[in-house]
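Heads up: the structure comes next, in structure tokens.
The values are calculated or read from the model by the stated rules, or taken from the named source; none is laboratory data. These figures come from a predicted structure and were not determined experimentally. As a convention, Cβ positions derive from the backbone with ideal geometry for all residues, glycine included, and neighbour counts pool all protein chains shown. Side chains are part of the model used for accessible areas, which takes the heavy atoms of the whole protein and leaves out ligands, DNA and RNA. Shrake-Rupley method; radii C 1.70, N 1.55, O 1.52, S 1.80 Å.
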Amino acid sequence: MVEAIVPVILSGGSGSRLWPVSRNAQPKQFLKLKGKNSMLHDTLERVSPLGERMMVLCAEEQRFLVAEALRQANQSATITLEPVSRNTALSATVGAYMVALDTPDAIIILCPADHHVPDPVAFRDACHTAAELAATGRIVTLGITPARPETGYGYIQRGAALGNGAEVASFTEKPDLDTAITFLKDGGYYWNAGIFLAPAKLLLEEMGRHAPEIAEAAEACLTSAQPDLDFLRLAADPLEHCPALSFDYAVMERTDRAAVLPVDFLWSDLGTWNALWEMDQTGPDQNVAFGENVLIHDTKRSYVRSEGPLVSVAGVQDLVVIATNDAVLVTDRKRTENVKQVVEDLKQQGHAEATEHRRVHRPWGSYESLVHGDRFQVKRITVNPGGILSLQSHMHRSEHWVVVSGFAEVTLGEDLHRLAENESIYIPLGAKHRMANPGKVPLVLIEVQSGGYLGEDDIKRYEDIYRRD
């Protein structure tokens, strides 16, 4: 019997294979790749009916993006911050420890934040069935009935029948094409969705048996965790020597408690641009165009996406063309797995575009650099309703703010200024200042910086409601 179900959402991925749209500063779970909502938003809505509480584990620098996704989805969850990335085995163990503190027999659902599941009802039905199987003392993984010989997913081979599911006979990690074709022909093989259900107590027991270093590190970093605003910050020191292993490798491939529940709902991890093409290529030429500024002519089986600039392609086939405001990717559609290596090459060459967008998100809103020249920079700044920038000063630059829309309250020295649309204020070099949006609509302004050094580290903070250094 299932005592309780607790979804634990893993939101630590970087999604580098979807560069240049997905980057470390804003990876794919925060993007609107399918539909009107981000993938994390859809995940929250999909799993929240399964239990009375949820947990989200994420990287420290993404905490405010997760909080905003929860706000937009009208959901609540415990947000736990991982100071360093140690893969999914650590995240799973931390989540299990947190649940086991009060309900050790509760079933936890380890669910990635960045999967596409268009039928949430079928997903929840499968989770309830898998939870019943897990309650018998099993760690259950959902096995997706394969639609094609996919080489980008791991495979699960079913063994002896076990209730509505089966024992796991073997795992195969990303086979070659010939092997994948054989799996489909033979039957009894499923895609490994990376969605797991298990009693919290059982998961901890198996982690302690098969990966004790991870279990010890998870317990230690949680024991020394500290609350920070609405977040729980794990301690960093216990993770210094913690192995970075996936939950599959650390436990599922070693335990004798593994089970699989075959499911046939539509699913994709949308891990590559080719995966996005496969989801939408329904036209006569099997092309997919995303964005208003895309023109395709005499082209077949291609994915073309623009996040702003005009993009046109002609006389080609089997290509992926992705354009953002600061980067362009062109690659063979069948080799999009290699984009991850492109990102690594860009990092080694020192390109900031490898990890950062031109639009930078902050807990109060965002900013985007529009023009950058010798001793000047122009930015567009958006402050969310209720957002407050830190009380700060700059040693090397002055600033001029012009309100485009909304209403601003600006603290300059000891004075408070209220600015409406088309009004402006000058911030002298070295002056203490702060900006806030007391309104109910976003505040948009243009900032003109002038000085000998315009780096983001030229900020001395005196007060900050978000407790940043």
For this session: State, to one decimal in nm, how far the label point of HIS297 lies from the label point of LEU101, with both points 7 Å from Cα in the Cβ direction.
Result: 6.2 nm
For this session: Could you calculate the contour length gain from ALA314 to VAL2, that is, 0.36 nm times the residue separation minus the distance between their Cα atoms, to one decimal place in nm?
Result: 106.7 nm
Problem set entry | Contour excess over end-to-end distance, with Cα ends at LEU412 and GLN349 and 0.36 nm allotted per residue | 18.6 nm
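Rounded, prolate or oblate: pick one for segment 1-98, where a ≥ b ≥ c are the square roots of the eigenvalues of its C-alpha gyration tensor, a/c under 1.5 means rounded, and failing that, prolate if a/b is larger than b/c, else oblate.
oblate
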Exercise. From the Cα gyration tensor of segment 252-372, with a ≥ b ≥ c the square roots of its eigenvalues, which class applies: rounded if a/c is under 1.5, or else prolate if a/b is larger than b/c, or else oblate?
Worked result: oblate
Seminar exercise, completed: Note to self: with every protein chain in place and a 1.4 Å probe, segment 130-183 gives an accessible area per residue in Å² of 43 Å²
Problem set entry | segment 1-54, relative contact order [Cα under 8 Å, separation at least 6], % | 38 percent
Problem set entry | Inter-site label distance for ARG358 and ALA235 at 7 Å from Cα along Cβ, in nm | 4.5 nm
Exercise. Distance in nm between label sites at LYS440 and LYS185, each 7 Å beyond Cα in the beta-carbon direction?
Worked result: 6.6 nm
Exercise. Say a paramagnetic label sat at a point 7 Å from the Cα of ALA122, along Cα to Cβ; which residues of segment 264-282 have their backbone N under 12 Å from it?
Worked result: 264-268
Exercise. Taking only protein heavy atoms and a 1.4 Å probe, what accessible area per residue, in Å², does segment 1-47 have with all protein chains in place?
Worked result: 32 Å²
For this session: Considering Cα pairs under 8 angstrom that are at least six residues apart, work out the relative contact order of the chain and quote it in whole percent.
Result: 13 percent
Seminar exercise, completed: For the chain, one quarter of the surface area of the C-alpha convex hull, expressed in nm², comes to 24.3 nm²
For this session: Give LYS340/LYS432; LYS32/LYS432; LYS185/LYS347; LYS379/LYS432; LYS36/LYS300; LYS34/LYS347 a once-over and call out the pairs whose C-alpha atoms are over 31 Å from each other.
Result: LYS340/LYS432; LYS32/LYS432; LYS185/LYS347
Exercise. What accessible area per residue comes out for segment 188-302, rounded to a whole number of Å², with a 1.4 Å probe?
Worked result: 46 Å²
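Just in segment 42-136: which trypsin sites (Lys or Arg not before Pro) are loop by DSSP and have at most 16 other Cβ atoms within 10 Å?
Here the sparse-neighbourhood loop sites are ARG53.
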Problem set entry | Solvent-accessible surface ranking, highest first, for VAL328, VAL21 at 1.4 angstrom | VAL328, VAL21
Exercise. Carbon and sulfur together cover what percent of the accessible area of the chain at a 1.4 Å probe radius?
Worked result: 47 percent
Exercise. Is the shape of segment 116-204 best called rounded, prolate or oblate, per the rule: a/c under 1.5 gives rounded, else a/b larger than b/c gives prolate, else oblate, with a ≥ b ≥ c the square roots of the Cα gyration tensor eigenvalues?
Worked result: prolate
For this session: Quote to one decimal, in nm, the extra length available between ASP178 and VAL84 on full extension: 0.36 nm per residue of separation minus the C-alpha distance between them.
Result: 30.1 nm
For this session: Have a look at the DSSP beta bridges in segment 232-387 and tell me what percent are antiparallel, nearest 5.
Result: 60 percent
